[in-house]
Amino acid sequence: MSLEVLTTDDLEKFRQRLLTDIKTLLDEKQPKKWLKTNEVMELLGMSEVTLQTLRNRGQIPFKKLGGTCYYNAEELDEFLTNL
C-alpha cells in the first residue's frame, strides 16, 4: 500500500477547480417550469387583455397563487402547438 502526500498547493488547485465547476453549473440557464403573466405576454407577444381573454375562455392553462397567475411552460408549448 502506497502513501500519497497532498500539499497545500494540491489542495488549492483542487479548491479552484471545484469552485470553477460549481460556477459553471450555476451559470447554466435552465428553462423555467412556471412563468408569470408578464413573461408569457413577452414570450407570446400579446397584451394582458388578450392573455386574460384566453384564460377566461379556458384556452390557456394557468394556476393562480396569491393573486398571481402562473403558467406551466410545458402546457404553454402544448397550447401553442395546437393553435
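Coordinate-derived values only; no laboratory data. What you see is a predicted model, and the numbers here were worked out from it, not measured in a lab. Note: ideal-geometry Cβ built from the backbone for every residue, glycine included; neighbour counts use all protein chains shown.
Values for this structure:
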item	result
Residue within the range 45-59 that is loosely packed, with under 10 Cβ neighbours inside 10 Å and either in a helix (DSSP H, G or I) or in contact (Cβ under 8 Å) with a residue 24 or more places away in the chain (or both) present	yes
Filter result (surrounded by 10 or more Cβ atoms within 10 Å (Cβ to Cβ), touching a residue at least 12 places away in the same chain (Cβ under 8 Å) and not basic (Lys, Arg)) within the range 1-38	Trp34, Leu35, Thr37
